[in-house]
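First comes the structure, then the notes that go with it.
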Amino acid sequence: MALADPATLNAAVARASAALANDPATAQREAEAVLRLAPKDPRARLILASARRRRGDPSGALAILRPLAIAFPRAAHTQYELGAALLSLGDSTNAKSALRQAVSLKPDLAEAWRALGDLLFAEGDNPGAEAAYAAHDRASVSDPMLASAADALYGGRLDEAEQRLRQIILVNPRHVGAVRLMAEVFRRLERLAPAEVLLVQALAMEPGHAGTRLALADCLYRQQRPAEALAEVESLLASDPAAIVYLNLRAACLSGLGRFDEAIAAYGELLKTLPRQSRLWVNQGHALRMVGRRPDAVAAYREAIALSPALGEAYWSLADLKAEPLSAADEAAIVAQLKRPDLSLDDRVNLHFALGKAMEDRGADDAAAFAHYAEGARLRPRPSGYDPDEDSQLMTRAKRIFTAPFFATRTHWGCAAEDPIFILGMPRSGSTLVEQILASHSAVEGTMELPDIGHLASRLGGDARLAYPEGLERLDARETAQLGEAYLERTRVQRRSGRPFFIDKMPNNFRHVGFIHMILPRARIIDARRHPMAAGFSSFKQHFAQGHAYSYDLGELGRYYRDYVDLMAHYDAVLPGRVHRVIYEDLVEDTEARVRSLLAYCGLPFEEACLQFHQTNRAVRTVSSEQVRRPIFREGLDHWRRFEPWLSPLEEALGPALKTWRGGGQ
């Protein structure tokens, strides 16, 4: 190469820099050519160092970067490359120092923030990692038009960010940066369905944007669609197979699909690389718990606590095992953590629920135990847009649509398959026990709480022609059959045993009984029910991973239970005998008779294994996983009465349901 003047030299440096990201070998050749004519050019030396690092020679990069950093101590990109090279060589202490120096010199250096976040995540500093990742996201927004919206978004002013982005998108609907940011606003507001729509649009405009695809995968996963999320993650891993964030989400998707052995192996591999990452230990604990490896799950949660003593989720997970109480030392540790002013809200909520459970199990001070449950419930953030009135209105509208004449004119509609067995009702009402009994039968496969009925209903509701449930009146026989077939296709990924029947245990499906009957008229529907005060208190003290927003307020919880009883009574009247009711208290008192009745309703012959359900070896994917691995016990039937003095808001809101809760249909 002949470099005759500064302009030609600058052009050569620009070519080398442009090749760096996708073709570091070419970048190295170009930089070396520049340095043969200008040996001290700092730009070419930096490019050469970066190319060497990217090609797997961090020692060669370091030989260039150390003197370069001394000569130019305020060069942010040099500090970033120095940090990246040191990190590749395992020197995390000095790498962290260099990366912090890089972002202090140039706060909009996105790649340095990302590298710093990965380093802090590996060290187990989750708050620090989250702050660095947030700074990376903000620094990645370089369009001046988006600056104020990005500042509002990453500053937590979501309403302001949404307003500003709407103005931009109104003028330019194809502004991909604005669409991406609006999707992030919706994700943070837990408005996942519209976030998904925007992310799909953004990917259509810019298919190669890895950040958008990752956001879509996360959005799908959080909507309980792990199969779709996994497909997006696998696409990302094809181009970056070592990315921790992709591997972590892949392990979560495997767990969500019930592929627990693969998930446990995936988390195990991650923990070899990141042994100090407490959240990975918690996730590993969850997967181990699901397959019944309780001692291993306990050990994983304990390791997480040892690494992050303030990690409330680990303490709550231990308490929620419901197998053995937390120790006095655990209680003291939780109390100490709750005194910390810098404790995150999520940790504080989890710790209050864990301490409440510990004190309840110890039985020494029920008032204090309840106070901790109440404080955890009070502090827990409400999902954006949650409105208890909407739940009541949906159930009222369902009763108005799903009448006896409505069903009479649609006899023999829908898909004729009889594979699904729906177990529904209020949470903490014995549904997992009913599932375990049925899944112990040789013809029935247990799966999990499947979201697919709700998703199909939501999809209909997103069409102005088919507002849910009113739009169901406009469907014809062919369309209802197609919806039933769509449900079977969506749930096929959960079926692995080849058994003819499978269980869908989503509690909230009680809101969709009419829809289920329309599209799957031969499916079995089982209503698992428990005394409203017992079920109500058990729900109130349960810190659910997601959903059940009504359960954190006793009054709203009682109202929701009352609406549920009322809606199911409606279905008993318009579809007599369609729903089989299992009363938890009756199942405990007269197990064999109730099991035989249940099997008869399902058209299944009696099998002794259904009475020995606690011996069935299967993954159980609910908070009751440990309880159903023990024989039925009646000691807990009236446990709620210990806390009756504090449950008056629940009792008042239940109203007539306190007398009518047993209903009919048994």
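Which condition number does Ala545 fail, the rest of (1) in contact (Cβ under 8 Å) with a residue 60 or more places away in the chain; (2) within 22 Å of Gly385 (Cα to Cα); (3) surrounded by fewer than 21 Cβ atoms within 10 Å (Cβ to Cβ); (4) aliphatic (A, V, I, L, M) being met?
So the condition that Ala545 fails would be (1).
For residues that are more than 17 Å from Tyr80 (Cα to Cα), hydroxyl-bearing (Ser, Thr, Tyr) and modelled with pLDDT of 90 or more, tally how many sit in the range 1-58.
Residues flagged as more than 17 Å from Tyr80 (Cα to Cα), hydroxyl-bearing (Ser, Thr, Tyr) and modelled with pLDDT of 90 or more within the range 1-58 amount to 1.
Which condition number does Ala477 fail, the rest of (1) touching a residue at least 60 places away in the same chain (Cβ under 8 Å); (2) in contact with a Gly (Cβ under 7 Å, 6 or more places away or on another chain); (3) surrounded by fewer than 23 Cβ atoms within 10 Å (Cβ to Cβ) being met?
(2)
What number of residues within the range 295-342 are surrounded by fewer than 17 Cβ atoms within 10 Å (Cβ to Cβ) and not in a loop (DSSP other than H, G, I, E, B)? It would help to see each step written out before you state the result.
At the first step, the residues of the range 295-342 found to be surrounded by fewer than 17 Cβ atoms within 10 Å (Cβ to Cβ) are 295-296, 299, 302, 306, 309, 322-324, 327-329, 332, 335-336, 339-342.
With the extra rule that they be not in a loop (DSSP other than H, G, I, E, B), the set shrinks to 295-296, 299, 302, 306, 328-329, 332, 335-336.
So the answer is 10.
Restricting attention to the range 481-516, and to residues there that are part of a helix (DSSP H, G or I) and among the basic types (Lys, Arg), which single residue is surrounded by the fewest Cβ atoms within 10 Å (Cβ to Cβ)? Spell out the reasoning first.
Step one: list which residues in the range 481-516 are part of a helix (DSSP H, G or I), which gives 481-494, 507-516.
Those left that are additionally among the basic types (Lys, Arg): 490, 492, 511.
On the way: Arg490: 18, Arg492: 12, Arg511: 21.
This residue is Arg492.
So that you can scan it fast, the table gives a plain yes or no per residue for (1) closer than 30 Å to Leu321 by Cβ; (2) among the β-branched types (Val, Ile, Thr):
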site	(1), (2)
Leu488	no, no
Gln494	yes, no
Asp504	yes, no
Gly514	no, no
Met518	no, no
Ile526	yes, yes
Gly536	yes, no
His543	yes, no
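Hey, among Ala332, Ala404, Ala377, which residue is at pLDDT 95 or above and within 29 Å of the chain's Cα centre (by Cα)?
Working: Ala332 fails: within 29 Å of the chain's Cα centre (by Cα); Ala404 fails: within 29 Å of the chain's Cα centre (by Cα).
So the residue among Ala332, Ala404, Ala377 that is at pLDDT 95 or above and within 29 Å of the chain's Cα centre (by Cα) is Ala377.
Is it true that some residue in the range 467-475 is within 22 Å of the chain's Cα centre (by Cα) and farther than 20 Å from Ala417 by Cα? Lay out the reasoning, then the answer.
In the first step, residues of the range 467-475 are kept if they are within 22 Å of the chain's Cα centre (by Cα); the result is none.
Checked against the condition, which is being within 22 Å of the chain's Cα centre (by Cα) and farther than 20 Å from Ala417 by Cα, the range 467-475 yields no hits at all.
Taking the stated definitions as given, is Ser551 surrounded by fewer than 23 Cβ atoms within 10 Å (Cβ to Cβ), in contact (Cβ under 8 Å) with a residue 24 or more places away in the chain and either hydroxyl-bearing (Ser, Thr, Tyr) or outside the structural domain of Pro645 (by TED's automatic domain parsing) (or both)? Break it down into steps so the answer makes sense when it comes.
Working: surrounded by fewer than 23 Cβ atoms within 10 Å (Cβ to Cβ): no; in contact (Cβ under 8 Å) with a residue 24 or more places away in the chain: yes; either hydroxyl-bearing (Ser, Thr, Tyr) or outside the structural domain of Pro645 (by TED's automatic domain parsing) (or both): yes.
Considered against the rule, which asks whether it is surrounded by fewer than 23 Cβ atoms within 10 Å (Cβ to Cβ), in contact (Cβ under 8 Å) with a residue 24 or more places away in the chain and either hydroxyl-bearing (Ser, Thr, Tyr) or outside the structural domain of Pro645 (by TED's automatic domain parsing) (or both), Ser551 comes out as no.
Being in contact (Cβ under 8 Å) with a residue 24 or more places away in the chain, more than 26 Å from Asp125 (Cβ to Cβ), out of contact with any Cys (no Cβ under 6 Å at 6 or more places or on another chain) and of a type in the set (Asp, Glu): is that true of Asp330 here?
Values: in contact (Cβ under 8 Å) with a residue 24 or more places away in the chain: yes; more than 26 Å from Asp125 (Cβ to Cβ): no; out of contact with any Cys (no Cβ under 6 Å at 6 or more places or on another chain): yes; of a type in the set (Asp, Glu): yes.
Against the criterion (in contact (Cβ under 8 Å) with a residue 24 or more places away in the chain, more than 26 Å from Asp125 (Cβ to Cβ), out of contact with any Cys (no Cβ under 6 Å at 6 or more places or on another chain) and of a type in the set (Asp, Glu)), Asp330 does not qualify.
List, please: which pairs have Cβ atoms under 6 Å, are six or more places apart or on different chains, and start with a residue in the range 92-107 that is closer than 14 Å to Ala69 by Cβ and end with one that is part of a helix (DSSP H, G or I) and among the hydroxyl-bearing types (Ser, Thr, Tyr)?
Ala102/Tyr80
If a residue counts only when it is of a type in the set (Gly, Ala, Ser), which helices (runs of 4 or more DSSP H) contained entirely in the range 529-611 have at least 3 such residues?
Numbers: elements: 532-540, 554-574, 584-589, 591-601.
The helices (runs of 4 or more DSSP H) meeting that bar are 532-540, 554-574, 591-601.
The values are calculated or read from the model by the stated rules, or taken from the named source; none is laboratory data. What you see is a predicted model; the values in this text were computed from it and never measured. Glycine also receives a Cβ, built like all others from the backbone with ideal geometry; neighbour counts cover every protein chain displayed.
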